[in-house]
Structures are given as structure tokens and as C-alpha cells.
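To start, the structure under review is shown below, and the notes come after it.
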Amino acid sequence: ATREELSRISGIKNTAILDRLIQLGVHAETLVALSIVPLAEVAWADGAIDAKEEQAILDRAAKSGVTPGSTSYDLLKSWLERRPEPRLLTAWIHMVQGINENLPPEQVEALRAGLVERARAVASASGGVLGVGKISSAEAEMIRQLESAFPT
């Protein structure tokens, strides 16, 4: 039942990927939060999250339908206080790979580009002059790692 619900919500048809997501603790109610893991990882890449990065993540989460009081919001808040466990990034990578299997190349590229834009916005939220223009090398490396989840 969990596999069917995850498939319905995510569009992933590959049962091996769905089973791996379930093994990693992903359920339908946490799937939306899982899509925010990359932003938390970028913010944590340099060792700490500051208030501007946190606000950038919360703003993007709200645009994704993550609202206060929801399971996804509570998870996200916990990831802003404490870096997500590495298994969550692994789960996100599996989710992206499963979704990519069902999309034409131009939609996969749009997802990749959207992720990179959101990740760069979080990374640059607290850097540079007046919060604009500076992404640390650790944040840039995390963005490259996230991009690698997409086919080239």
C-alpha cells in the first residue's frame, strides 16, 4: 500500500526505487519535505545555517506547499536546527532518479535547472555584499553533487 501511494504521488513507477525509498523511511506525508532536503544540505554545507539562509529555505518551501503545522514543515524545521541525516540525501537522489525515468529530457532539464536556481538562491542568501553574490566552495560542491543526480 505504501509503495502504491508513493508511486501515485511521485509518479515513480520503478518498484526497486520505490522499495528503496520505503527502506529509507520515506512515506507519502514526507515526500514533499524530501524535495526540500537539497536546500537544507546546501545551507548546511559550510557548517551552519544563518537566519537569511533559513528564511530563503522557508520561502521556497512555502511555494512548494509546505505549510506550518504540516508533517513536512515540522521535518523541515528540524533540518534547519540539525543537519539532515545522510540517508535523506540518498533518498532524495533515489526519488529524483525515479522521477527522471518517467519524464522526457526537456522536463528533466527543467527540474535540474529549477533545483540549481533554488540551491544557488539559498547559498547566496547570506554571502557576498548585502547577501548577494557569494557562494562558498562547500556550497558550490554540494550544488554540483545535487546536479549529479540528474542524467547528463
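The values are calculated or read from the model by the stated rules, or taken from the named source; none is laboratory data. These numbers were taken from a predicted model, which means no experiment stands behind them. Quick reminder, even Gly has a Cβ in these numbers, built from the backbone with ideal geometry, and neighbours come from all protein chains shown. The protein model used for the area step is the full one, side chains on, heavy atoms only, and it has no ligands, DNA or RNA in it. Shrake-Rupley method; radii C 1.70, N 1.55, O 1.52, S 1.80 Å.
What the table shows:
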| read-out | value |
| --- | --- |
| Of residues in segment 42-64 being assigned to a loop (DSSP other than H, G, I, E, B) and small (Gly, Ala, Ser), the one farthest from Arg144 (Cα to Cα) | Ser64 |
| Residue list for segment 75-106, restricted to those being part of a loop (DSSP other than H, G, I, E, B) and either modelled with pLDDT of 90 or more or open to solvent by 80 Å² or more (accessible area, probe 1.4 Å) (or both) | Arg82, Arg83, Pro84, Glu85, Glu101 |
| Sole residue being of a type in the set (A, V, I, L, M, F, W, C) and more than 27 Å from Leu18 (Cα to Cα), chosen from Ala91, Ala56, Ala149, Ala110 | Ala56 |
| Residue list for segment 56-72, restricted to those being out of contact with any helix residue (DSSP H, G or I) (no Cβ under 6 Å at 6 or more places or on another chain) and within 18 Å of Glu41 (Cβ to Cβ) | Leu58, Asp59, Ser64 |
| All positions within segment 55-72 that are at pLDDT 90 or above and either surrounded by 19 or more Cβ atoms within 10 Å (Cβ to Cβ) or in contact with a strand residue (DSSP E or B) (Cβ under 8 Å, 6 or more places away or on another chain) (or both) | Ala56, Ile57 |
| First in segment 120-149 and crowded, with 16+ Cβ neighbours inside 10 Å, second anywhere and basic (Lys, Arg) and modelled with pLDDT under 90, Cβ under 8 Å, 6 or more apart | Ala121/Arg60; Val122/Arg60; Ser124/Lys134; Gly127/Lys134 |
| Complete set of residues in segment 52-70 that are within 24 Å of Ala140 (Cα to Cα) and either among the aromatic types (Phe, Trp, Tyr) or touching a residue at least 12 places away in the same chain (Cβ under 8 Å) (or both) | Lys52, Glu53, Glu54, Gln55, Ala56, Ile57, Leu58, Arg60, Ala61, Ser64 |
